[in-house]
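I have placed the structure first, in the form of structure tokens, so that the comments after it can refer back to it.
The values are calculated or read from the model by the stated rules, or taken from the named source; none is laboratory data. Note that the structure is a prediction, hence the values are computed from the model and not measured. Glycine gets a Cβ as well: all are built from the backbone with ideal geometry, and neighbour counts include every protein chain shown. Accessible surface is based on the protein model in full, side chains and every heavy atom, while ligands, DNA and RNA are left aside. Shrake-Rupley method; radii C 1.70, N 1.55, O 1.52, S 1.80 Å.
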Amino acid sequence: MKSIPLSLLFFLLICSNWGFSQVNSEFDGSRAFSHIEKQVLFGPRSITHPNSKNLTHDYIVNNLKRYTDKVTSQEFTAYGLIGRNIWATFPGEKSPNIRIMIGAHWDTRPQSELDENKANLKTPTSGANDGGSGVAVLLEVARALTFDRSPTTVDLVFFDLEDLGNIDDLPFAIGASEFVKKNSFYQPDKGVIVDMVCDKNLLIPKELYSKRHSRQLLEEIWSIGKKLNVDIFSDKDGTFIQDDHLPFIRSGLNVVNLIHYPFPDYWHTTRDTIDKCDKESLSQIGNVILTLIYKQDKT
Ligand SMILES: [Zn+2]
């Protein structure tokens, strides 16, 4: 070490701090994991279980209120069903008019139609990964944002009634569609939906609606993944997936869907349980999201 001149050392220090590699706040995968545990303990967050849905709704709202006073719960009725979207805002420090949305669905599937045990077909999933993991990432992002304010405004949106698709002819992403309808004034510059992001072998390919309509943002996220050296992204194309990003894309907004695909074999079964989740996967996706948020003043 002695042989390195001070000026060179200083130069190296500056380089190591340059650009993407700088994550202002650290995402804690263990904390995110505990948010999944909590949701699973409450029970299914499905229309068949209003009690555990209420508990989870209040858990999300109360957690958010610890970090921002800008939290609203928007009730809506669609297809004869009542749902609630939860929206929290963290105003930007430098450019508050630039907005980035991070979204996830908080409801879970009321049935397990892909279960190998036919007796379980009408049993709701536990939704540890499908539902629980996205919520967990958003709640931990909320905590991180209070340590270091974001340069631009961040909106965390928790969508209800995503996972009723193909049940009684219902579509996917009912809550997100209602959110877009109700809040047409809200046009984030960028948006990211996270869904099923806790698996031990998490692998996220390039979802095709995202690639077709929000390609630049997709590439921005993949390049952050490379800089952070994460192994959760695949350079391969995924498929077209119906999820909460679609209502936004249809409105011409720049939104990307980050989702595990091919879906794990426990998808829409009673085996979507907490033992499938991994803190390291949660840390990786969380740190990519935080880096995206904090670098927005540089782009
Ligand atoms: Zn699902």
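In region 90-111, of all residues being of a type in the set (A, V, I, L, M, F, W, C) and either within 16 Å of the ligand (Cβ to nearest atom) or open to solvent by less than 30 Å² (accessible area, probe 1.4 Å) (or both), the one that is farthest from R31 (Cα to Cα) corresponds to I100.
Can you find even one residue in region 182-190 that is of a type in the set (F, W, Y), open to solvent by less than 50 Å² (accessible area, probe 1.4 Å) and either at pLDDT below 95 or over 23 Å from G286 (Cβ atoms) (or both)? Yes - at least one qualifying residue is present in region 182-190.
Kindly evaluate L114 against the criterion of being at pLDDT 95 or above, open to solvent by less than 10 Å² (accessible area, probe 1.4 Å) and either within 16 Å of the ligand (Cβ to nearest atom) or closer than 26 Å to L41 by Cβ (or both). Steps first, answer last, please.
On the way: at pLDDT 95 or above: yes; open to solvent by less than 10 Å² (accessible area, probe 1.4 Å): no; either within 16 Å of the ligand (Cβ to nearest atom) or closer than 26 Å to L41 by Cβ (or both): yes.
Judged against the criteria, L114 is not a match.
Residue-wise test of (1) assigned to a helix (DSSP H, G or I); (2) of a type outside the set (A, V, I, L, M).
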site	(1), (2)
E116	no, yes
T125	no, yes
D130	yes, yes
A144	yes, no
F172	no, yes
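Of note, N166 satisfies the criterion of being free of Cβ contacts under 8 Å to residues at least 40 places away in the same chain, open to solvent by 30 Å² or more (accessible area, probe 1.4 Å) and within 15 Å of the ligand (Cβ to nearest atom).
Enumerate the pairs (first residue in region 193-210 and of a type in the set (S, T, N, Q); second residue anywhere and open to solvent by less than 10 Å² (accessible area, probe 1.4 Å) and away from the ligand (no atom under 13 Å from the Cβ)) with beta-carbon separation below 7 Å, excluding pairs fewer than 6 apart on the same chain, so at least 6 apart or on different chains. As it stands, the answer is S210/L218; S210/H245; S210/V256, since those pairs meet every condition given. Total residues in region 145-163 satisfying the condition of being within 11 Å of the ligand (Cβ to nearest atom) and open to solvent by 10 Å² or more (accessible area, probe 1.4 Å): the figure is 0.
Considering the conditions (1) away from the ligand (no atom under 16 Å from the Cβ); (2) farther than 14 Å from F158 by Cβ, T48 is excluded by exactly one of them, (1).
Applying the selection to region 118-144, what residues are more than 13 Å from the ligand (Cβ to nearest atom) and over 15 Å from the mean Cα position of the chain (by Cα)? If the condition is that a residue be more than 13 Å from the ligand (Cβ to nearest atom) and over 15 Å from the mean Cα position of the chain (by Cα), then K118, A119, N120, L121, K122, T123 are the ones that fit.
Among the residues of region 46-58, just one is touching a strand residue (DSSP E or B) at 6+ places or on another chain (Cβ under 9 Å) and among the charged types (D, E, K, R), namely K53. Just one residue in the set F248, F240 is surrounded by fewer than 21 Cβ atoms within 10 Å (Cβ to Cβ) and of a type in the set (F, W, Y); that residue is F240. The requirement of being touching a Gly at 6+ places or on another chain (Cβ under 9 Å) and within 16 Å of the ligand (Cβ to nearest atom) is fulfilled somewhere in region 64-85, by at least one residue. Going through (1) over 17 Å from H268 (Cβ atoms); (2) outside any helix (DSSP H, G or I) one by one, D107 falls short only on (1).
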